[in-house]
Amino acid sequence: MFKIVFSDIDGTLLNADRDLSQLTIQTIKSLEERNIPFILISSRMPAAMRHLQQKLGIEHHPIISYNGGLILVDGKAVSSTEIPISTLESLHQFNSADDVHLSLFHADEWYVPREDFWTRREINNTKVQPALRSNAEVLETWKAAGKGAHKIMAMGEEENIDSIRDFLIENHGKDLHLYRSKPSYLEIAPRKISKLTAVEHLLNEHFRLPLSQSMAFGDNYNDKEMLQGVGLGIAVGNAKPEVLEIAHMVTASGKEDGVAKSIREILLQ
């Protein structure tokens, strides 16, 4: 029997309005009544996940943000993996010619270099307001504080994103995980973490449950390892072909309440 559920957010849990449907909210509340924790796991920052936790009534549960780069239990970081400042400086220097939008993230801090199309789009997607500060200024502050980034989001024209990707592969390939959710987006994270490493950390250190008793839902490349590693990895119907191939099971699409429907079939009968 499965005793815990992990779910990705974007493309997996949310409906066509990028929100939680009533069916999803009711389903997760029923899980709670059966003492089956429902854990959100996302590339989002914690602030972009808490309002969803609130709606689901699961604020007391841990959050896995930044694809596993930051795990919070009772609001405190129990695991934190950052991109070092030296890598950020190297990328900033390379980007000085093209000036591609680089959003910089650390815990609940999100800095954007300017108010542009990309900033507005991300505010709309995440319901979080960023702070406006140049990349150079943020790097200077972080360097003084001994901080790095949990995530960098490069957003811009496809050919500019291609050159950033190529530069990072060539110069920092061993240390970074580069994830291209669409041609104009490049998510940059530390290579040593993944959603699966975060799931394992929480199961071992917090819930004391084996992987075999966990279920997970996802739709994208950064969910693959997690879906393969858990006891039951379920892809929503709109998942990438490579994810559909490796999933143990496929459910309805995210916009059609695939997560809620599977939970009802498997855990709430």
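Quick notes on this one:
- Most fluctuating residue given options ASP257, ASP219, ASP99, as computed from a GNM of the chain linking Cα atoms under 10 Å: ASP99
- For PHE6, nonlocal amide neighbours, meaning residues 5 or more places apart or on other chains whose placed amide H falls under 5 Å from its own, are ILE39, MET215, ALA216, PHE217.
- Counting other Cβ atoms within 10 Å as a rough exposure proxy, the listed residues LEU139, LEU211, LEU202 run LEU211, LEU139, LEU202 from fewest neighbours to most.
- The dipole here belongs to the chain: it is taken about the Cα centre, uses +1 on the Cβ of Lys and Arg and -1 on the Cβ of Asp and Glu, and is about 800 debye.
- Fluctuation leader among ILE152, ILE25, ILE39 - the chain, Gaussian network, Cα springs under 10 angstrom: ILE25
- Extreme residue, positive dipole direction of the stretch 85-190, given options HIS106, SER86, ILE152 (C-beta unit charges): HIS106
- Net charge dipole size for the stretch 85-190 [Lys, Arg +1 and Asp, Glu -1 on Cβ; Debye, nearest 20]: 420
- Computed FRET value (nearest 0.05) for LEU211 with LYS174, which takes r as the C-beta separation and R₀ as 30 Å: 0.65
- Between helix 117-126 and the chain: long-axis angle, C-alpha atoms, 0 to 90°, nearest 10: 20
- Principal-axis analysis of the Cα atoms of the chain puts helix 47-56 at an angle of about 10° to the longest axis.
- Note on the chain: GNM, Cα springs under 10 Å; of GLU200, GLU140, GLU256, the largest mean-square fluctuation is that of GLU140.
- Computed over the chain, relative contact order equals 22 percent, with contacts defined as Cα pairs under 8 Å that lie 6+ residues apart.
Bear in mind that the values in this text are calculations on the coordinates, not laboratory data. Being a predicted model, the structure only gives us computed values, none of them experimental. Virtual Cβ from ideal backbone geometry, glycine too; neighbours counted across all protein chains shown.
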